[in-house]
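One structure is given below, encoded as structure tokens.
Every number in this text was worked out from the coordinates using simple rules, so none of it is lab data. Computed from a predicted structure; not experimentally measured. With ideal geometry, Cβ positions are generated from the backbone for all residues, glycine too; neighbour counts draw on all protein chains shown.
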Amino acid sequence: MRPEFDHDESVPHTHPEPGVDPHAPLPAAARALRVGIGGPVGSGKTALVAALCRAFADELRLGVVTNDIYTTEDADFLKRAGVLDPARIRAVETGCCPHTAIRDDIGANLDAIDELIEALGPLDLVLVESGGDNLTATFSRGLVDRQIFVVDVAGGDKVPRKGGPGVTAADLLVINKTDLASMVGADLSVMDRDARARRGDLPTVFQSITEDPLATRVAGWIRHELAHHRSATAHADHPVPAGQA
Amino acid sequence: MRATARLVARADRHGRTTLAELRGESPLLLRQVPASDGGVTVYVVGGAAGPLAGDDLRLEIEVDQGARVRVHTVAASIALPGRPGAVSRMLVRASVSEQAVLHWLPEQLVAAAGCAHVADAQVDVAAGGTLHWRDELICGRHGEQPGDVEINTWVDLAGRPLLRQSLAVGPNAPGWAGPAVLAGAPATGSLLVVDPTRPPEPPAVWPTHARLPLAGGPATLWSATAPDAHTLRRYLEPDTRTAELLGVRPESGRGDCADG
Amino acid sequence: MATPTMLLLLADGRFPAGAHAHSAGLEAAVAAGRVRDLATLGEYLRGRLATAGLVAAAFAAASCRAASGSPGPSAVDGHRPAELTHLGVARRAALARLDAELDARTASPAQRTVSRRQGRALRRAGREIWPQATFDDLPATSDGPHQPLVLGLVGVAAGLEPGQVATVAAYATVTGSASAAVRLLGLDPYQVQALLVRLAGDCDAVAARAARAAEQPPERLPAAAAPLADIHAEAHVTWEVRLFAS
């Protein structure tokens with residue numbers, strides 16, 4: 001976590017002592033951008049991943065790792081949805097500890113990313129979807145380069161005010177299911193104000209996958225981050241953070 | 001009692017198996033019976049009840065290139081207690097050469113109350129050799145708790161480790177009857193099939209038995225627990241088609257329930 | 001001699017080597033109705049400790065022995081290159097033999113996969129934490145090295161002795177499944193911890209036995225089998241929906 005981090009200006013590679021990594025990592029420019037997608041149960045993470053798969057299908061070499069509470073539930077949803085070749089999706093078992101697998105003990109996810117790359121060759125983008133958890137779940141910087149936190153209006157318009165590391169520090173906050181706002185009595189302006197108060201300059205996106213099946217704004221943000229990642233890593237004289245992928 | 005028996009089989013120039021050596025001593029006697037397929041069938045005839053604690057029995061089997069041998073026992077062995085502190089031992093050493101076939105298909109070993117028995121098997125199979133090796137253990141005679149039995153199996157294939165397995169039951173084997181090992185099943189056993197002519201079979205699992213392709217194959221281990229000797233035998237028939245004829249299919253869901 | 005803290009760090013369930021995702025057959029045993037409560041969990045743990053725990057501890061200790069007493073990169077001075085090469089070859093051969101011996105003790109393909117996956121996870125952590133350690137001496141296998149072998153090398157890197165490595169392995173055998181039981185069955189965590197406390201002596205005894213066994217030739221290392229462990233593992237891997245990786 002890096003609450004002090006200024007998204008617009010920095011490159012989020014804050015690992016210590018460049019050059020000590022023993023793996024002789026891939027040339028940094030060849031390494032996929034890894035984006036974590038977290039958020040509470042039912043907030044629409046998997047629907048967002050599906051939308052992004054559709055959006056990037058013909059544009060990027062994409063891999064997806066899911067961390068559902070039940071092994072393959074989300075992976076199976078994605079496979080059934082037909083948005084991505086099943087070979088590009090891996091599921092990680094989390095032993096009832098979805099946040100442990102993305103934060104404290106990330107090896108299984110790193111292995112899954114390695115396996116995708118072994119099977120498919122180099123990738124441009126890897127989406128790592130966390131299991132549905134609560135507002136405290138965040139991704140380790142050893143696992144992902146950027147993280148998106150997804151909440152939905154049906155969870156109540158107080159969610160941004162409640163904060164928590166996901167809402168506060170995610171590189172992108174997605175407030176989902178805006179089409180339901182009037183039905184659940186959520187005030188989007190309140191959510192926007194609270195998100196700004198919590199997040200400073202970090203961006204927030206309001207979206208409805210129902211109205212925008214390609215998640216245009218999130219996809220656009222990822223494109224921007226990917227360009228940033230590529231130029232930063234291409235010019236970097238140090239290896240990428242932990243993990244070989 | 002100490003006893004040693006030895007069996008050496010060779011193939012003659014017509015491909016028929018002959019016994020170059022067949023000798024035993026009480027209580028480990030060997031009897032050849034006619035076999036129709038050019039191979040040899042030998043029965044181990046228990047000359048006395050037992051093994052009794054204190055017994056030390058050794059059987060050596062050598063199957064030379066091209067020879068085919070089946071070994072059975074005439075009845076179940078019942079490991080019985082002997083003098084206090086004594087252990088009964090049975091060691092089988094077997095070597096199976098290239099193009100040779102050994103079927104070791106004895107009747108069950110029954111662990112009687114108070115027994116202390118160790119059954120060791122050391123088998124070397126050359127590349128291209130065929131082995132069927134079955135162990136069946138019944139934990140106690142009717143209604144009794146078993147004494148201590150340990151069945152140790154070492155099998156090498158082409159000079160590399162293929163199977164190392166020690167199964168221990170009885171008062172000195174913690175948790176043996178518990179849900180990690182046998183879950184109260186009174187019968188357990190395994191059948192190892194090393195057969196270079198048989199295509200590798202994928203793993204499969206039923207509620208209390210499984211088909212397990214080994215890493216050092218071509219070889220498959222059938223492993224089972226069962227409520228009785230008869231059921232166990234059905235799971236461990238050397239011809240794997242028999243298991244399929246039982247009409248049970250590998251499970252694919254969560255219906256993994258105990259037999260009883 | 002390692003500090004006690006190093007031993008505790010390696011044994012800690014929070015050591016990032018993926019242990020949290022493994023129930024070591026418990027999830028399947030629970031689904032089969034064989035583990036239901038504290039009493040059946042206790043029997044399960046006793047059986048695991050005497051079988052898989054003993055084997056894992058013995059192989060971890062044997063791997064530690066095979067890899068220690070030989071120079072790491074930091075000990076290059078004072079050894080002639082030929083001597084070093086010889087030691088490296090011997091070490092790799094010993095570890096390859098242990099790998100084959102452990103395969104021969106793991107009849108279930110699902111269990112072999114799990115052991116190698118866990119080995120891969122532990123090696124990843126080990127490489128990050130001890131960049132100088134000699135994990136490349138492990139045999140190159142496509143699906144990863146067996147976990148107990150990696151644990152032995154991690155032990156060497158951490159300065160542990162074979163007996164301590166065996167303790168870590170035996171301890172992990174019982175704590176991993178116990179922790180999974182708390183999550184799966186909602187057992188009272190105090191009662192489960194009390195059960196672990198009661199098993200501590202057994203755990204130490206298994207570790208001591210494993211460490212002694214590790215001095216034997218590789219084919220004589222313990223091979224304690226449990227038919228239901230194979231059956232549970234093979235059943236579990238077929239499930240479409242599961243919480244744990246094993």
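Any idea what the dipole of segment A:29-235 comes to, in debye rounded to 20, about its Cα centre with Lys/Arg Cβ at +1 and Asp/Glu Cβ at -1?
Taking the Cα centre of segment A:29-235 as origin, the dipole is about 560 debye.
Starting from segment A:150-241, pick out the trypsin sites (Lys or Arg not before Pro) whose DSSP state is loop and whose Cβ has at most 14 other Cβ atoms within 10 Å.
Those that pass, being in a loop and sparsely packed, are A:LYS158.
In segment B:5-104, what trypsin sites (Lys or Arg not before Pro) fall in a loop by DSSP, with at most 12 other Cβ atoms inside 10 Å? Present the calculation step by step, with values, prior to reporting the outcome.
Working: sites: B:ARG6, B:ARG10, B:ARG13, B:ARG16, B:ARG23, B:ARG31, B:ARG58, B:ARG68, B:ARG70, B:ARG89, B:ARG93; in loops: B:ARG13, B:ARG16.
Filter output for segment B:5-104: B:ARG13.
Please state the shape class of segment B:1-68: rounded when a/c is under 1.5, otherwise prolate if a/b exceeds b/c and oblate if not, all from the C-alpha gyration tensor.
prolate
In terms of Cα to Cα distance under 16 Å, which aspartates and glutamates are near enough to A:LYS177, apart from those fewer than 8 places away along the same chain?
A:ASP152, A:ASP157, A:ASP187, A:ASP192, A:GLU211, A:ASP212
Scanning chain C for GluC sites (Glu not before Pro) in DSSP loops with at most 16 other Cβ atoms within 10 Å, what's the longest stretch left with none? Before the final figure, lay out the partial values.
Values: sites that count: C:GLU215, C:GLU240.
My reading of the result: C:1-214 is the longest stretch.
Could you size up the charge dipole of chain B around its Cα centre, putting +1 on the beta carbon of Lys and Arg and -1 on that of Asp and Glu, and report it in debye to the nearest 20?
Roughly 300 debye, rounded to the nearest 20.
Given charges of +1 on the Cβ of Lys and Arg and -1 on the Cβ of Asp and Glu, with all other atoms neutral, how large is the dipole of the protein assembly as shown about its Cα centre, in debye to the nearest 20?
The calculated dipole for the protein assembly as shown is roughly 1080 debye.
Along the charge dipole of segment C:162-246, which of C:SER177, C:HIS232, C:GLY163 sits closest to the positive end, that is, farthest toward it, with unit charges on the beta carbon of Lys, Arg, Asp and Glu (+1, +1, -1, -1)?
C:GLY163
From Cα pairs below 8 angstrom and at least 6 apart in sequence, can you work out the relative contact order of segment C:4-238, rounded to a whole percent?
Details: 339 pairs, mean separation 89.3, N = 235.
Reported as a whole number, the value is 38 percent.
Helix C:38-48 versus the longest principal axis of chain C: what angle, 0 to 90°, nearest 10, using Cα atoms?
30
Check the straight Cα-Cα distances from A:LYS79 and name the lysines below 18 Å, setting aside those fewer than 8 residues away within the same chain.
A:LYS45
Taking every pair of Cα atoms in segment B:2-196, average 1/r, invert it to obtain the Kirkwood radius, and report Rg/Rh to two decimals.
0.99
Which value in deg cm²/dmol, rounded to the nearest 500, describes the helix-derived mean residue ellipticity at 222 nm for the protein assembly as shown, given -39,500 (n - 2.57) per DSSP H run of n ≥ 4 and division by the residue count?
Calculated from helices alone, the mean residue ellipticity at 222 nm is -10500 deg cm²/dmol.
Could you work out Rg/(2.2 N^0.38 Å) for segment C:4-238, with Rg from alpha carbons only?
Details: Rg = 17.5 Å, N = 235, 2.2 N^0.38 = 17.5 Å.
So segment C:4-238 has a normalised radius of gyration of 1.00.
Over the Cα atoms of the protein assembly as shown, each weighted equally, I'd like the Debye log10 I(q)/I(0) at q = 0.08 Å⁻¹, rounded to two decimals.
-0.72
Just for the Cα atoms in segment A:29-235, what are the lengths along the principal axes, largest first, rounded to whole Å?
47, 39, 32
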